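Worksheet: the structure to be examined is printed underneath.
Every read-out reported here was derived from the displayed coordinates using simple, explicitly stated rules and does not represent laboratory data. Bear in mind that the values here come from a model prediction, so they are computed numbers and not experimental data. Every residue, glycine among them, receives a Cβ derived from its backbone with ideal geometry; neighbour counts consider all protein chains shown.
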Amino acid sequence: MADLERVKRQFEAVLHNVTDDVRSQLLCWIKCKINSGEWGDVTKENSNEDVMLESIQSDLRSELPVNAMSQTESIHFPQTGPNADCDPNTTVHVDAFLYDDDAIDDLCEEGKMSRSYCTRCGSQEVQPLTFITHSASATQVKYIFNYALPDLSGKIVLDVGSRTGAVLYGAYLYSKAKHIVGVEIDSTFTRLQTAVVAKYNMADRIQVIHDDILNQGQLLMSSDVVILNNVFEFFVPKDLQEKLWIHLFATLKNDTILVTIPSLEESLQPLKTGINLEKCVESIDLTAPLQQGRQELLDCDDTDDSDLTRINLYRVLAPHSPCQ
Ligand SMILES: C[S@@+](CC[C@H](N)C(=O)[O-])C[C@H]1O[C@@H](n2cnc3c(N)ncnc32)[C@H](O)[C@@H]1O
């Protein structure tokens, strides 16, 4: 047996003979050594897909203000539910697709953003600001399409409320989905996504539609994967949110996979929809993809994996009924 093959077997035997905890720590230690450069430059180059995604992020950063909000949209701060404590005066909108934690630190150093506010002007009594993102981060996008979802060859992916298009570009670069559609109600973001799709020659598989998802029943019905990243909570009043969720569940076809951030339980809890989730969907277990995604996407000293754990997958069970 060639040397390399023998060493690989020995290494796998070591991994096999230790507890899950030790295995995880050992792999993290190896990753740290590689990342620190202590073992020389053994990291592989960024993939073409990663380079392209980074270039899109950079283009979007130059097109949008730091808070990545558009002038044509209005925000509805939730009055009930887990985000009801978001005070418009102390909540900062940061787009996680455009700015990761390191980039936010840079913005703070440059004085373009702050992580805290003064409770009594001039005093040292500072409180942390609430940060809220309206986009999936690049890490989340990679996790969804590289780890969480099955092979999407020939499938139709729909992102409801596609905003900057993060999910669309991710689906294009990291999956084999045949058709990728974003429906966005805001005109500025629709224009922005359309421009990116044209610039990066992605129109062969990506379509951006400027519309209210309420008008897109046929598309909802034909989609195999539907992404719902906190799509309504900050953008429409509560009564309309209820109408939208009821419409979604009455329209989706059997076996469609839903990718949601946060869980459906959390999104629906403050609303009166009458939707009985136990009858409408079954949850898909993400234990294995999560473990792999953590190891391969997060830095080894990154203890916060909530970016990934907030992502949920469900299979639709009961189509065309109110699921009550
Ligand atoms: C939280 S952002 C999600 C962004 C994107 N899906 C992602 O993961 O990066 C929600 C977006 O949904 C849009 N939206 C809200 N209600 C909508 C509706 N009824 N139809 C289409 N888009 C809607 C908002 O304008 C906003 O840009």
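Take the Cα of GLN218, step 7 Å toward its Cβ, do the same at VAL51, and the gap between the two points is 4.1 nm. Here segment 138-316 was treated as a single set of alpha-carbon atoms; its pair distances binned every 5 Å from 0 give 1, 8, 17, 21, 21, 17, 10, 4, 1, 0 percent. I'd like the distance separating the alpha-carbon centroids of segment 243-270 and segment 152-199, in whole Å. Centre-to-centre (Cα) distance: 19 Å. With contacts taken as Cα pairs under 8 Å and at least 6 residues apart, segment 207-298 reaches a relative contact order of 32 percent. Based on C-alpha pairs under 8 angstrom that are at least 6 apart in sequence, the chain has a relative contact order of 16 percent. The label point for ASP305 and the one for THR90, both projected 7 Å from the Cα toward the Cβ, are 3.2 nm apart.
Evaluating 6.51 cos²θ - 1.76 cosθ + 1.60 at θ = phi - 60° for every residue in segment 212-218, the Karplus couplings come out as 7, 4, 4, 8, 10, x, 4 Hz, glycine and proline recorded as x. Beta bridges assigned by DSSP with both partners in the chain are antiparallel in approximately 35 percent of cases.
Evaluating 6.51 cos²θ - 1.76 cosθ + 1.60 at θ = phi - 60° for every residue in segment 100-105, the Karplus couplings come out as 7, 4, 5, 5, 5, 4 Hz, glycine and proline recorded as x. For segment 48-132, the pair-distance distribution built from all alpha carbon pairs, in bins 5 Å wide starting at 0, is 3, 12, 18, 21, 19, 14, 8, 4, 1, 0 percent. The gain in end-to-end length when the GLU63 to VAL7 segment is fully stretched comes to 15.2 nm, 0.36 nm per residue minus the alpha carbon separation. Restriction of the GluC sites (Glu not before Pro) in segment 20-108 to DSSP coil positions whose beta-carbon has at most 12 other beta-carbons within 10 angstrom yields GLU38, GLU45. Computed on the Cα atoms alone, the convex hull of the chain gives a volume of 180 cubic angstrom per residue.
Each peptide in 4-12, 169-177 gets a packing score, the mean of other Cβ atoms within 10 Å over its residues, and the list from highest to lowest is 169-177, 4-12. If you take all other residues with their beta carbon under 14 Å from the beta carbon of ASN83, and give Lys and Arg +1 and Asp and Glu -1, the sum is -2. Using a simple spin-label model with pseudo-atoms 7 Å out from Cα toward Cβ, GLU110 and GLU296 lie 3.2 nm apart. The ASP151 and THR188 beta-carbon pair, evaluated with R₀ = 51 Å, returns a calculated FRET efficiency of approximately 0.90. Please give the FRET efficiency for ARG23 paired with THR130, using the beta carbon to beta carbon distance and R0 = 41 Å, rounded to the nearest 0.05. E between ARG23 and THR130, to the nearest 0.05, is 0.65.
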